[in-house]
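Encoded as structure tokens, the structure appears first; notes follow it.
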Amino acid sequence: MDTKASEADDIDVLLRTSSSGANTPTSTIITDLNEHLKSMAIRNSAPWPGSTYLIRSYNTHQVITLKEGSLVLENQAGDAGGWKWACVEKKGWLGFRNIVSGTYIGHDSSQNFRAEMRHHHAWEHFCVRPYPDGGYLILMLHGDTFWKMCEGPTGDRLVEKPFDGNSSGSPPFLDNADGWGDGVWEFVKA
């Protein structure tokens, strides 16, 4: 079932339910609704410097994790902490530093991602843009063009893919017919 539809159904049930049969929710239900809405807001947090996040694919929910020195996508976060990324800012650019290793997510000249550097320089600079249907695009510069972070065709690593945004107001090109993920990410505040 679609997660967004399920959440909407949950809210609808909470709003229609009451102990007296009337359409007025009880205080307990309002508390439940507030908790539900709060958890939705946490899941859809915009990355902000000074906060720590779990970064996961908006569609597959795979988690960006530093495992044994390699940047990989995992189905679960695990307890080693390699999935915790501190959001930092330098000259207006965002960076994501692993709280266990102290290394930053960065890209290389082969269109891959790694977390090996302990500095936040140009290859570790990111721009995060909200996606209209939910989640965020993680973008980086190649010359004067943005590229986006995507799940690789094998589903276990991160790769760069040209970003084909447009100025018409319609959502950017997110074709994943080539087997690559669509590059939409979710930031869960840790």
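The values are calculated or read from the model by the stated rules, or taken from the named source; none is laboratory data. Keep in mind that this is a model prediction, so the values were computed, not measured. Note that each Cβ is placed from the backbone with ideal geometry, even for glycine, and that neighbours are counted across all protein chains shown.
Restricting to region 101-112, what's the tally of residues that are assigned to a loop (DSSP other than H, G, I, E, B) and among the aliphatic types (A, V, I, L, M)?
Start the filter on region 101-112 by keeping residues that are assigned to a loop (DSSP other than H, G, I, E, B), which leaves 101-103, 108-111.
Applying the additional criterion that residues be among the aliphatic types (A, V, I, L, M) yields none.
So the count comes out to 0.
Please verify whether His119 is part of a loop (DSSP other than H, G, I, E, B) and more than 14 Å from Trp185 (Cβ to Cβ), treating the condition exactly as stated. The answer is yes for His119. Can you report the number of residues in region 133-190 which are in a loop (DSSP other than H, G, I, E, B), closer than 19 Å to Thr60 by Cβ and modelled with pLDDT of 75 or more? Final tally of qualifying residues: 11. Note on region 55-100: among residues that are touching a residue at least 24 places away in the same chain (Cβ under 8 Å), in contact with a strand residue (DSSP E or B) (Cβ under 6 Å, 6 or more places away or on another chain) and assigned to a loop (DSSP other than H, G, I, E, B), the one that is nearest to Gly152 (Cα to Cα) is Gln62.
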